[in-house]
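Here's the structure we're looking at; comments come further down.
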Amino acid sequence: MLNYAVKRLGLAVAIVSVAMFLLFCMIYLVPGDPASVALGPRATDAMKEALRVKMGLDQPIWVQFWNFFSGAWTGDLGQEVLSGRPVLDVVLEQLPFTLALIAGGITWSVAIGIPLGCWAAINRGSFADRLVGILSVAVIAVPSFVIAIYALLIFSVSLRWLPAIGAGEPGHLGDQIVHLILPSLAVGLGWVGYIARMVRASMLEVLEASHIRTARAFGLPENMITYRYALTIAILPTITLLGVGIGQMLSSAVFAEIVFARPGVGKLVYDAILTRNFPVVTGAVLVTTVIFVLLNLVADLIVGALDPRVRSSF
Amino acid sequence: MTTLSVSGLNVWFSTEDGPLHALKDVTFDIPERRIVGIVGESGCGKSTLINAILGLLADNGEIRNGEILFEGQSDLTKLTRREMQDLRGPRISTVFQDPMGALNPVLSVGEQMINIQYRSGQSKAEKAARAIEMLKLVRIPDADSALNRYPHQFSGGMKQRIAIAMSLMMEPALLIADEPTTALDATLEVATIELLQDLQEQIGCSVMFISHHLGVIAELCQDVVVMYAGEVVERGTVRDVFHDPRHPYTRRLLECDPARQTERTRVLPTIPGEIPDLRHRPEGCVFAPRCLERHPGCDMAQSERMVAPGHAARCNLVDQSAAEGESA
């Protein structure tokens, strides 16, 4: 298992490096001079030149790349244009809010999606199964910002059950969780559908397998067969799917954070784009990439922990 | 005492194209401590028979009439799901054909062997000890550490031996072996058969051994049941049936056995034709369309005729061929 984890970690480092390279190329290829964009139209040439030197833009491209690359690996993502604060600090300040949002979204999707998919598979062909199928497609099809707006209108504006904006009082966990309910639902509801469908399909496949017939031939209780013998296998593709899905949840987080006026990396990037604060944009994107790769790594490690065949293939 | 007595068993499946009569009037006995071979080509109803005995017929399958008497007392066709589940494992256990797929890939061998003892009421350590004891009996090297390993870490032959260990761990009265050696290569096949034979003697169970390998049946079994298109066409002791086959199908089957070829041939003999569509069973003998000895009497429904005590065939030629058999 340790061997597997180390190899997977090495792969993760390689993926982040490639992502950094692509990110650097993108920044380099974006038209316009970052210094003039940052300083605005009324800046003098001397001011622009000074900022360019400060940002290292006068250096040859490979030096710039090396500075960016080595800086990024040591945690130096540059400074915010206006306040001069380190970008990493700015991003890390917002990160917990987004991570909480993603965690909430995953909780919704797993807590509802897995039992729903399982239940549909066991009652295959029943009315309940068909209803689950239709509802899954429906929630997958509705974009997260639409869910966010409707959730806001129904539960906050009309029913007044849940708060509409913000992330809750700092240091007050209960209040923060209450504030998390609707935004995380907006992020995770589509995934309830994906996961229910995925679990249903793989459960049906696993229940047909000959080892399930063996388990039945030994008279094992149906509950043990469903949850210990079948679901343990059926869940594996779902975990991998969820690892990839975190990328999509990160992008729905942007909408959820804007609609619910929550702090977070999505809101940060949105504001930074509006104010042309490019170091923050790149820094936030890089941090998000790392988070995505790490969570994917976690998903793969969970699959490795659950499936001995994966473990020994590394 | 008879361990399993199947009589007049009829199984129907409802399909999109109408009802399918999968097993028709199946009758045979598995006496105590005997190994009974069930032989027949693919599609003859062997799997349906196993599932009917185990109470694991698919949802569209139904036992219309007949009984399956287990240990002379309980009719398996009348038991509740719960009662049937309690018999599966401790009293009637099964070894399946495919050793690669028969074990759960994500659970350790130990967990699977411990789980199937869930009714024993023993402690986990006692169950593990029992599992190790069985693994040693089937000659799995390093049995103690084998418990912590997973199925993919064993070879096909070892997996099949583990499956055999699992099925005999609870000392069942009846072991159903569904082509347990078909997926193995020839040397492993012999070793596995010898192992089964040893364990059967030790435990003293009866075995229903399904195979299409006539040599294996002749080697291992005392009795044989020949099935064709969901019917028992001939049954008796291996000696009677193999040396004096009375049903034309049995004779053709024996002629087709590659091991019986005395001359070198380019083309092995086969039985021309196919198993009839079981949605439209012929009125008369089910084998008649492929039979070389067909005559007008075959268009009538056939009943089982006794050739000798314990030897029966479902063919209307039986009486006259018995007479001819003596003179030939």
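The values are calculated or read from the model by the stated rules, or taken from the named source; none is laboratory data. As the structure is a computational prediction, the values presented were derived from the model and not from experiment. Positions of Cβ are backbone-derived with ideal geometry, glycine not excepted, and every protein chain shown enters the neighbour counts. Note: areas computed on protein heavy atoms with side chains; ligands, DNA, RNA excluded. Shrake-Rupley method; radii C 1.70, N 1.55, O 1.52, S 1.80 Å.
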Q) Restricted to segment B:112-129, and to residues that are hydrophobic (A, V, I, L, M, F, W, C) and more than 8 Å from every other protein chain (Cβ to nearest Cβ), which residue is most open to solvent (accessible area, probe 1.4 Å)? A) B:A125
Q: Go through A:L92, A:L11, A:L22 for me and flag whichever is assigned to a helix (DSSP H, G or I), open to solvent by 30 Å² or more (accessible area, probe 1.4 Å), closer than 29 Å to A:P183 by Cβ and modelled with pLDDT of 80 or more.
A: A:L92
Q: Quickly run through segment A:210-257 and pick out the residues that are within 30 Å of A:L268 (Cβ to Cβ), of a type in the set (S, T, Y) and in contact (Cβ under 8 Å) with a residue 60 or more places away in the chain.
A: A:T240, A:S252
Q) Which strands (runs of 3 or more DSSP E) does segment B:1-67 wholly contain that include 2 or more residues that are over 14 Å from B:F209 (Cα atoms), in contact (Cβ under 8 Å) with a residue 24 or more places away in the chain and in contact with a strand residue (DSSP E or B) (Cβ under 7 Å, 6 or more places away or on another chain)? A) B:2-15, B:18-31
Q. B:I92: under 19 Å from B:N51 (Cβ atoms) and open to solvent by less than 30 Å² (accessible area, probe 1.4 Å), yes or no?
A. yes
Q. Of the conditions (1) under 15 Å from A:F218 (Cα atoms); (2) within 10 Å of chain A (Cβ to nearest Cβ), B:V109 fails just one. Which one is it?
A. (2)
Q | Residue match in segment B:186-193 (condition: assigned to a loop (DSSP other than H, G, I, E, B) and farther than 20 Å from B:V36 by Cα) | A | no
(Q) For the condition over 15 Å from the mean Cα position of the chain (by Cα) and closer than 30 Å to B:R139 by Cα, what is the one hit in B:E201, B:E255, B:E263? (A) B:E201
Q. Would you pick out the residues in segment B:272-309 that are open to solvent by less than 50 Å² (accessible area, probe 1.4 Å) and in contact (Cβ under 8 Å) with a residue 60 or more places away in the chain?
A. B:I275, B:L278, B:R281, B:V286, B:V307, B:A308
Q | Members of segment A:266-282 found to be open to solvent by less than 30 Å² (accessible area, probe 1.4 Å) and either among the acidic types (D, E) or more than 21 Å from A:S252 (Cβ to Cβ) (or both), listed by number | A | A:N277, A:P279, A:T282
**Q.** Number of positions in segment A:64-87 that are assigned to a helix (DSSP H, G or I) and crowded, with 19+ Cβ neighbours inside 10 Å
**A.** 3
Q: Just name the residue that is modelled with the highest pLDDT out of those in segment B:88-106 that are more than 7 Å from chain A (Cβ to nearest Cβ) and not in a strand (DSSP E or B).
A: B:R91
Q. Mind checking whether some residue in segment B:138-155 is over 16 Å from A:A217 (Cβ atoms), of a type in the set (D, E, K, R) and within 12 Å of chain A (Cβ to nearest Cβ)?
A. yes
Q) So which of A:R124, A:R160, A:R130 is basic (K, R), assigned to a helix (DSSP H, G or I) and either open to solvent by 60 Å² or more (accessible area, probe 1.4 Å) or at pLDDT below 90 (or both)? A) A:R130
Q: Answer yes if at least one residue in segment A:63-72 is more than 29 Å from the chain's Cα centre (by Cα) and under 16 Å from A:F278 (Cβ atoms), and no otherwise.
A: yes
Q: With the condition kept exactly as written, say whether any residue in segment B:197-208 is within 14 Å of another protein chain (Cβ to nearest Cβ), outside any helix (DSSP H, G or I), among the hydrophobic types (A, V, I, L, M, F, W, C) and open to solvent by 30 Å² or more (accessible area, probe 1.4 Å).
A: no
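Yes/no per residue for (1) within 14 Å of another protein chain (Cβ to nearest Cβ); (2) modelled with pLDDT of 90 or more:
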{"site": "A:Q176", "(1), (2)": "no, no"}
{"site": "A:Y194", "(1), (2)": "no, yes"}
{"site": "A:L220", "(1), (2)": "yes, yes"}
{"site": "A:A230", "(1), (2)": "yes, yes"}
{"site": "A:G245", "(1), (2)": "no, no"}
{"site": "A:F255", "(1), (2)": "no, no"}
{"site": "A:Y270", "(1), (2)": "no, no"}
{"site": "A:I273", "(1), (2)": "no, no"}
{"site": "A:V280", "(1), (2)": "no, no"}
Q. In this structure, does B:H243 turn out to be open to solvent by 80 Å² or more (accessible area, probe 1.4 Å) and under 17 Å from the mean Cα position of the chain (by Cα)?
A. no
